[in-house]
Amino acid sequence: MSGAEPRLLLNLARPRGVLDHLAAARTALGDGVDGVGFADSPRMFPDPFLAAGQVLTRTTAALSGPCVMGLGLHHPSVVAQALATLAGQHPGRTLLAVARGESSLRNEGLPIPSLASYRVLLERLRARLDELSAQLPGGFGPVLGAASGPRTIEQTSATLGGVLLDVGVEPAVIERAVGIARSGRPDVHCWLFLRAVVTDTDDEAAAAAAPILGSCAARITKSPDWYGISPELVARVTAVASAHDYRRHGTSESAGARDADPEIDSLIRDRFVLTGAPAALAARLRPLATLGIEGVVIAGATAGVERRLAQTAGALRAGLATAQPAS
């Protein structure tokens, strides 16, 4: 870990044909991020390795790559070889974040790997990357595993050596997650996946969260105690998660058909989506500035984030500007 300012990336999660990913990347770089990631779901999004290769070839992006790529759908050996090919062409500028791949697997009608099976996939990926690194003088850029619950965080950190903490926006939860990640491996590289956007009104904040509310609820249902959800509320959170349409993930149509539950919607937003004025965003993150966070990935599926990216990026940088290595 270093005390350098954390890298800031925008993760582009827009269905194929909705935007020009190269133009979007150029705009994002102009708005102050260091690079872009590309979501993985073959039914929805462009191939993330090919998209990243084009961005790295035709822009000055410091980092680009898949974020996140599902190991339940893509064999670790294939992922490792694709990353090595990209890294050979763009030394030190690649990014790879992996996960089980719930959304892409659901869209293909395939089962989601158990935690034990996923660990085997992570081990195979790490082993193959280590073999390939000997052929790459420039090495790989960050290699991370996305994780939301304590068991996945612990397993991913120990096995892969890098973790993308997708645990919401509550500083206390993030601090606990970092502690778990480092408990078995103090040298682990910790990044944050944040759903954040500058907003002016409560209506804008609600709209920002709408495309992602169900996927956030799904994270809560797996570890309700972790997110401070009382047992009597779990069923209502589960209803939000169950209604989420992964075929339209990241779009305004993803919420599916369900009865309105403003109390639960607000509860999920408070824990998973950072909204408000720039100063409010910065203040919310300031307690994290001493944790040694190495990078932040901004969720591109958060509605309005591309339109307000310059302000959002500035607020996130301000909040983490004093970051130093954790003691």
- Item | Yes/no for Arg317 being surrounded by fewer than 20 Cβ atoms within 10 Å (Cβ to Cβ) and in contact with a helix residue (DSSP H, G or I) (Cβ under 8 Å, 6 or more places away or on another chain) | no
- Identify the single condition in (1) touching a residue at least 60 places away in the same chain (Cβ under 8 Å); (2) crowded, with 20+ Cβ neighbours inside 10 Å that Val173 does not satisfy, given that it satisfies every other one. (2)
- List the pairs whose first member sits in the range 273-298 and is more than 24 Å from Leu12 (Cα to Cα) and among the hydrophobic types (A, V, I, L, M, F, W, C), whose second member is assigned to a loop (DSSP other than H, G, I, E, B) and open to solvent by less than 10 Å² (accessible area, probe 1.4 Å), and whose Cβ atoms are under 9 Å apart, counting only residues at least 6 apart or on separate chains? Leu288/Ala323; Ala289/Ala323; Leu291/Ala323
- Criterion: assigned to a strand (DSSP E or B) and either under 19 Å from the mean Cα position of the chain (by Cα) or closer than 26 Å to Arg307 by Cα (or both) - qualifying residue of Met44, Met69: Met69
- Task: Of the numbered conditions (1) in a strand (DSSP E or B); (2) closer than 18 Å to Phe49 by Cβ, Val79 fails exactly one; give the number of that condition.
- Result: (1)
- How many residues are modelled with pLDDT under 55 and crowded, with 20+ Cβ neighbours inside 10 Å when one looks only at the range 247-275? 3
- Task: Kindly indicate whether Pro231 is more than 20 Å from the chain's Cα centre (by Cα) and modelled with pLDDT under 85.
- Result: no
- Name the residues in the range 14-26 that are open to solvent by 10 Å² or more (accessible area, probe 1.4 Å), within 19 Å of the chain's Cα centre (by Cα) and not basic (Lys, Arg), would you? Pro15, His21, Ala24
- With the condition kept exactly as written, say whether any residue in the range 53-66 is under 18 Å from the mean Cα position of the chain (by Cα), closer than 17 Å to Arg307 by Cβ and open to solvent by less than 20 Å² (accessible area, probe 1.4 Å). no
- Query: Given the conditions (1) open to solvent by less than 40 Å² (accessible area, probe 1.4 Å); (2) under 19 Å from Ala146 (Cα atoms); (3) out of contact with any Asp or Glu (no Cβ under 6 Å at 6 or more places or on another chain); (4) touching a residue at least 40 places away in the same chain (Cβ under 8 Å), and given that Phe45 satisfies all but one, which numbered condition is not satisfied?
  - Reply: (4)
- Message: Quick check on the range 84-96. Is at least one of its residues open to solvent by less than 50 Å² (accessible area, probe 1.4 Å), modelled with pLDDT under 95 and hydroxyl-bearing (Ser, Thr, Tyr)?
- Response: no
- Message: Against the conditions (1) more than 24 Å from Thr312 (Cα to Cα); (2) touching a residue at least 24 places away in the same chain (Cβ under 8 Å); (3) open to solvent by 10 Å² or more (accessible area, probe 1.4 Å), where does Leu29 fall short? Just the number, please.
- Response: (1)
- Task: Within the range 1-39, track down each residue that is at pLDDT 90 or above, under 30 Å from Pro186 (Cβ atoms) and part of a loop (DSSP other than H, G, I, E, B).
- Result: Pro6, Val33, Asp34
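The values are calculated or read from the model by the stated rules, or taken from the named source; none is laboratory data. Note that this is a predicted model, so its numbers are computed, not measured. Neighbour counts run over all protein chains shown; Cβ positions are idealised from the backbone, glycine included. Each accessible area value is taken on the protein alone, full model and side chains, heavy atoms only, with ligands, DNA and RNA left out. Shrake-Rupley method; radii C 1.70, N 1.55, O 1.52, S 1.80 Å.
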